[in-house]
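Values quoted throughout were computed directly from the atomic coordinates according to the rules given, and no laboratory measurement underlies them. Since the model is a prediction, treat every value here as computed from it, not as a measurement. Here the Cβ positions follow ideal geometry from the backbone for every residue, glycine too, while neighbour counts run over all protein chains shown.
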Amino acid sequence: MNWNASFYDNSHAFVAKLGEGLLPLLNPQNDENILDLGCGTGDLTEKIAQSGAKVIGIDSSAKMIELAKAKFPNIDFRQLNAIDFELNQQFDAIFSNAVLHWILEKEKVIKQIYSHLINGGRLVAEFGGAENVEILTNALRKTLNEFGFTENSKINFWYFPTIGEYATELEKVGFRVIFAQHYDRPTELKGKDGIKDWLTMFGEKFFVGINKTEKENILNTLQKSLEEKLLINGVWQADYKRIRIIAIKN
Ligand code: BEZ
């Protein structure tokens, strides 16, 4: 994924802000070794560090890591990919916010997480669950179809499992799932073009091969079509549905 790190940092700071709710579930302790998997521009990594834990942040995006290092020069950030990273260390906890739904190869990342935890170590993660942003993406697929982009309308690059599916994957490698929640989290998208901006940041792959003018037409039509369902009192609300999970390595 080729992220626009500063656009993400400025306009989509809500990703880290809303992820702060996951920190009490992590409950980081002084001197624990913690890995922040998919740390983005580092805001939550820094919050974890404030607890006195020794934290490493990894992200596959060079631009995100560059910005994270510039913002928090005292934290150890490294550009590494979740499915094949190798760190010469096992952690007390692995934390991950808003990342696991980007990885279709879920078995690989779960194995990586498991092998980088100490026995008794914990995974604390939040990501998109089944039906996440479904109103938004169903409308997008319909609009792409109406504009004649049938192939684009079928593209899928997110993994939004149910709790049952994800817990099963975790159990297969030896995790014990001690907490799981699948909850609605309507998410405010700022500005009058909230839907268009969100898709420009996160949904670029839907528009492969579509020229700029046509893309703009699609986005305008889509945004208009979503007013009834997602524009609430003049504020765009994306229909996020998240999973929070805590699992222990046995
Ligand atoms: C999410 O955080 O749930 C999410 C963000 C971007 C794209 C898809 C899902």
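If R0 is 22 Å, what FRET efficiency do you get for residue 81 and residue 181 from their C-beta distance, rounded to 0.05? Before the final figure, lay out each step's value.
Details: r = 28 Å, r/R0 = 1.25.
Efficiency, rounded to the nearest 0.05: 0.20.
Over what distance in Å are the Cα centres of segment 39-104 and segment 214-250 separated?
26 Å
Would you mind working out the magnitude of the charge dipole of segment 155-250 relative to its Cα centre, with +1 at each Lys and Arg C-beta and -1 at each Asp and Glu C-beta, to the nearest 20 Debye? Each step should come with its number before you reach the end.
Numbers: 15 positive and 13 negative charges, 59 e Å.
Magnitude of the dipole: close to 280 debye.
About its Cα centre, what dipole magnitude does the chain give when the only charges are +1 on Lys and Arg Cβ and -1 on Asp and Glu Cβ, stated in debye to the nearest 20? Mind dumping the intermediate values first?
On the way: 29 positive and 33 negative charges, 19 e Å.
Charge dipole, the chain, about its Cα centre: 100 debye, nearest 20.
Please report, in debye to the nearest 20, how large the charge dipole of segment 21-121 is about its Cα centre when each Lys and Arg carries +1 at its beta carbon and each Asp and Glu carries -1 there. Write down the numbers at each step before the final one.
On the way: 9 positive and 13 negative charges, 30 e Å.
Rounded to the nearest 20 debye, it is 140 debye.
Pick from 194, 148, 121: which residue has the top mean-square fluctuation in a GNM of the chain where Cα pairs under 10 Å get a spring?
In the Gaussian network model the winner is 148.
Among the chymotrypsin sites (Phe, Trp or Tyr not before Pro) within segment 129-175, which fall in a DSSP loop and have no more than 15 other Cβ atoms within 10 Å of their own Cβ?
On the way: sites: 147, 149, 157, 158, 159, 166, 175; in loops: 147, 149, 157, 158, 159.
Within segment 129-175, the qualifying chymotrypsin sites (Phe, Trp or Tyr not before Pro) (loop, at most 15 other Cβ atoms within 10 Å) are 157.
Only helical DSSP H runs with n ≥ 4 go in: add -39500 (n - 2.57) per run for the chain, normalise by residue count and round the 222 nm mean residue ellipticity to 500 deg cm²/dmol.
It comes out at -11000 deg cm²/dmol, rounded to the nearest 500.
Starting from the exponent 0.38 and prefactor 2.2 Å, build the expected Rg for the chain from its residue count and divide its actual Cα Rg by it. Walk me through the numbers on the way to the answer.
Numbers: Rg = 18.5 Å, N = 250, 2.2 N^0.38 = 17.9 Å.
This ratio for the chain stands at 1.03.
Only bridges with both residues in the chain count here: give the DSSP antiparallel percent, nearest 5.
55 percent
Pick out, from 158, 81, 139, the residue whose Cα sits farthest towards the positive end of the charge dipole of segment 45-200, with +1 on the Cβ of Lys and Arg and -1 on the Cβ of Asp and Glu.
So the residue furthest toward the plus end is 81.
Quick check: residue separation of residue 115 and residue 169 times 0.36 nm, minus the Cα distance between them. What number comes out in nm? Write out the running numbers ahead of the final one.
Details: separation 54, 0.36 × 54 = 19.44 nm, distance 1.46 nm.
18.0 nm is the gain from fully extending residue 115 to residue 169.
Ignoring trypsin sites (Lys or Arg not before Pro) that are buried or in helix or strand per DSSP, and keeping those with at most 16 other beta carbon atoms within 10 Å, what is the longest stretch of the chain between them? Please report the intermediate quantities before stating the final value.
Details: sites that count: 154, 190, 192.
Between exposed loop sites, the widest span is 1-153.
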